[in-house]
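Participant: Below is one structure. I have some questions about it.
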């Protein structure tokens, strides 16, 4: 039996970890012992605790409780905590997800004491190093022993950076194994959609008409912390809602909720709050989010994960960023990069509002990525 340590900290990592934990419990419980470390990067109960309970993830074995802080302080506290756990438990692998500070901290801690790193969602690149996530994912990839990329573009990015997809076992940081395995979030979407249809009440609670509302999420600091960008986005939302007579649902990230009062023009904020077509929601659960994504008409987001999930559920997507790591969905015509430009957002909406995506190709695997990852760790 091998021992792995899984590091989670942010909401998306908690969700992704569910796929691996589920695969272990279903197929490999006698071969893989999973120990879960929660860094506490997302400390808000609605952004963390509820997801662990809802998705059936085992209770974390270790909690670092680092909370909110600047990048350096937060990452440093995580490195210290993770290193101590690694020395105590001596795992065969440290499993890391995505591109958060928890990912970076785990990569630094493990690489310094020669614990092999498994990076899930390897190879993603926005080619924008002003994004902290871009630095985190590059650093983690280049310290990893096993790299699992969800897309063909991710594999191409790794090859362009010098990784050899033909390396053979035994793998190490100097001879890493590189695998195009599909996306564990696609695994999750297939698994949790029928559960969401039965248990989520969000569509009924907010009296939403299926296939006739827009789902919007905004959380990146270059949008929330920049008054010009934030005002442009919300002005566009208000304009589209009124012109199209369509409801826009906005589950508010804690950062966005906090900054609306300070960074949004007071007159625009009053207009948004009083507009019956715009509904500002508290953070929603993962099952509610799946329900919103699968029942909406169109998605507008600055979240990488939500862009991809929109594609899973055949929904066109307007990307409120200047770039995306999920270039395939743009190349297929399922998404348009509009940044925080009012004209581009309006133009993107006009182009996508009647798009039928049911004939679009599957880009993210066969729904069995987690099983493949577990088998690879076991060298099966």
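Participant: Applying the selection to region 254-282, what residues are under 24 Å from the mean Cα position of the chain (by Cα) and surrounded by fewer than 21 Cβ atoms within 10 Å (Cβ to Cβ)?
Facilitator: First, the residues of region 254-282 that are under 24 Å from the mean Cα position of the chain (by Cα): 254-260, 279-282.
Answer for region 254-282, where residues must be under 24 Å from the mean Cα position of the chain (by Cα) and surrounded by fewer than 21 Cβ atoms within 10 Å (Cβ to Cβ): 254, 255, 257, 258, 259, 260, 279, 280, 281, 282.
Participant: Just checking, how many residues over region 67-100 are assigned to a loop (DSSP other than H, G, I, E, B) and at pLDDT 90 or above?
Facilitator: At the first step, the residues of region 67-100 found to be assigned to a loop (DSSP other than H, G, I, E, B) are 67-70, 90-92, 98-100.
Right, trim to at pLDDT 90 or above and you get 90-92, 98-100.
So the count comes out to 6.
Participant: Quick one: how many residues across region 221-240 are over 15 Å from residue 262 (Cβ atoms) and modelled with pLDDT of 95 or more?
Facilitator: Applying the first criterion (over 15 Å from residue 262 (Cβ atoms)) to region 221-240 yields 222, 232-233, 235-240.
In the following step, the residues that additionally are modelled with pLDDT of 95 or more were identified as 232-233, 235-240.
The total comes to 8.
Participant: Continuing with this model, one more query. Would you check which residues across region 276-303 are free of Cβ contacts under 8 Å to residues at least 40 places away in the same chain and either closer than 17 Å to residue 187 by Cβ or not assigned by TED's automatic domain parsing to the domain that holds residue 203 (or both) and list them? Outline the logic, then answer.
Facilitator: Taking region 276-303 and keeping what is free of Cβ contacts under 8 Å to residues at least 40 places away in the same chain, we get 276-277, 280, 289.
Correct list: 289 only.
Participant: Residue 148 passes all but one of (1) part of a helix (DSSP H, G or I); (2) buried (at least 21 other Cβ atoms within 10 Å of the Cβ); (3) not assigned by TED's automatic domain parsing to the domain that holds residue 343; which number fails?
Facilitator: (1)
Participant: (1) in contact with a strand residue (DSSP E or B) (Cβ under 9 Å, 6 or more places away or on another chain); (2) surrounded by fewer than 16 Cβ atoms within 10 Å (Cβ to Cβ): which one isn't true of residue 332, the others all being true?
Facilitator: (1)
Participant: Criterion first (touching a strand residue (DSSP E or B) at 6+ places or on another chain (Cβ under 6 Å) and closer than 25 Å to residue 151 by Cβ) does residue 315 satisfy it? Full working, then the answer.
Facilitator: Working: touching a strand residue (DSSP E or B) at 6+ places or on another chain (Cβ under 6 Å): yes; closer than 25 Å to residue 151 by Cβ: yes.
When the stated conditions are applied, residue 315 passes them.
Participant: I've got another one for you. Determine whether residue 176 is in contact (Cβ under 8 Å) with a residue 12 or more places away in the chain and within 30 Å of residue 293 (Cα to Cα). Step through it out loud before you land on a result.
Facilitator: Numbers: in contact (Cβ under 8 Å) with a residue 12 or more places away in the chain: yes; within 30 Å of residue 293 (Cα to Cα): no.
In short, no.
For (1) crowded, with 22+ Cβ neighbours inside 10 Å; (2) at pLDDT below 95; (3) closer than 20 Å to residue 367 by Cβ, each residue gets a yes or a no:
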residue: 3; (1), (2), (3): no, no, no
residue: 16; (1), (2), (3): yes, yes, yes
residue: 28; (1), (2), (3): no, no, yes
residue: 33; (1), (2), (3): no, no, no
residue: 37; (1), (2), (3): yes, no, no
residue: 43; (1), (2), (3): no, yes, no
residue: 46; (1), (2), (3): no, yes, no
residue: 58; (1), (2), (3): no, yes, no
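Participant: Within region 151-170, can you find the residues that are part of a loop (DSSP other than H, G, I, E, B) and either buried (at least 19 other Cβ atoms within 10 Å of the Cβ) or outside the structural domain of residue 93 (by TED's automatic domain parsing) (or both)?
Facilitator: We begin by selecting, within region 151-170, every residue part of a loop (DSSP other than H, G, I, E, B); these are 151, 161-170.
The answer is 151, 163.
The values are calculated or read from the model by the stated rules, or taken from the named source; none is laboratory data. This one's a predicted model, so the numbers in the text were calculated from it and none came from an experiment. Neighbour counts run over all protein chains shown; Cβ positions are idealised from the backbone, glycine included.
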